[in-house]
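Where a number appears in this text, it was derived from the coordinates with a stated rule and is not lab data. In this text, all values refer to a predicted model and were calculated from it rather than measured experimentally. Don't worry about glycine lacking a Cβ; one is built from the backbone with ideal geometry, like all the others, and counts go over all protein chains shown.
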Amino acid sequence: MRGRACAAGFFLAVLSAPHSAGSDERDVMRADTLFREGRALMKSGNYESACPKLEESYRLDPAAGTGINLGDCFEKQGKVASALLAYQAARALLKAGDPRIGPVEKEIAALDKRAPRLTIKLAPGAPDGTTVKRDGREVEASKLGLPVAVNPGKHTVTVLSAGAAPRRRSVAIAESERREIVVEADEPDEIGQTRPASVESGAPAKDDSPDVQRTLGFVALAAGAAALGVAGYYFFKANSVGDKCTSAAACNALEEEDQAHRDKATIWGIIGGVSAAGGAAVVLLTAPEADTGSRRNPAAATYSVQISGRW
């Protein structure tokens with residue numbers, strides 16, 4: 001059984017696309033090779049590689065059997081909407097009396113119940129020329145407001161209007177689920193310039209102001225001083241060990257203890273020195289400037305703008 005299929009309007013485009021007599025033979029041979037390769041990959045369970053080969057085979061030489069196999073491949077991947085389209089395209093190519101009609105129609109009926117439906121509505125008042133895209137592909141105006149079969153999983157809906165920043169929304173939908181979302185276009189500003197993109201993460205903008213840096217410098221300086229204090233404590237402990245030496249065995253043990261204290265004093269001294277020096281450098285380099293109405297150059301400032309809206 002041989003066949004090929006693809007998705008949505010692609011099937012219709014393939015069926016209506018003109019083919020020259022010279023290219024037909026080459027396309028059929030290439031399509032047959034791809035079909036056999038795709039079938040072999042499906043048998044080994046490698047659907048990720050099999051489906052694209054079957055898809056390309058259908059594009060080169062549409063045939064009902066390839067559509068059936070591609071529908072099966074998509075279904076194995078969990079892409080029930082793509083599988084539904086593939087089976088529907090295959091059914092359109094089957095002639096009356098073909099024994100495959102019954103099984104194909106049964107698959108279509110089952111997939112039609114499983115495929116999620118996503119309804120996208122554009123809010124009233126959107127500027128002329130506003131377009132809506134789902135997963136990077138433009139949604140036809142005639143499809144807005146209608147339930148459309150999509151594959152289960154996450155989908156990105158983008159609204160584009162002239163002179164305004166694009167609005168995006170991620171929508172997760174499960175098998176057999178029905179969801180409806182209303183998207184709204186952003187309004188261009190008074191001079192028609194695109195607004196800064198919205199901050200979707202909701203995280204506060206990073207503050208690199210001199211005051212913050214100076215505060216961090218003081219913190220590092222204090223931490224360095226504390227580490228130097230610890231180093232001094234271990235240095236004192238190391239120097240006081242010798243006073244307890246009363247015998248050769250005791251001296252050996254105390255010398256080891258003394259060396260351990262000296263090592264700790266050295267480590268904490270390095271840590272304290274580096275931290276204190278770094279903190280002092282930051283404090284000195286970020287000394288307060290005279291207040292002239294603004295702490296930084298407005299032209300070089302970075303601002304975070306959060307745009308909210310109804311979806």
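Quick notes
- Protection proxy ranking of 141-152, 92-103 - average other beta-carbon atoms within 10 Å, highest first: 141-152, 92-103
- The protection proxy used here, the mean number of other Cβ atoms lying within 10 Å of each residue, ranks peptides 129-138, 272-281 as follows, highest first: 272-281, 129-138.
- Region 32-47 and region 269-286 have Cα centres lying 64 Å from one another.
- Charge dipole (debye, nearest 20) of region 80-141; +1 at Cβ of Lys and Arg, -1 at Cβ of Asp and Glu: 220 debye
- Estimated at 0.36 nm per residue, the fully extended path between residue 24 and residue 237 surpasses their Cα-Cα distance by 67.5 nm.
- Under 21 Å from the Cα of residue 154 - lysines, other chains or at least 8 residues apart: 76, 79, 113, 121, 133, 143
- On full extension, the segment bounded by residue 285 and residue 77 gains 69.0 nm, given 0.36 nm per residue less the C-alpha separation.
- Label-to-label distance, residue 96 versus residue 177, with points set 7 angstrom from Cα along the beta-carbon direction: 4.4 nm.
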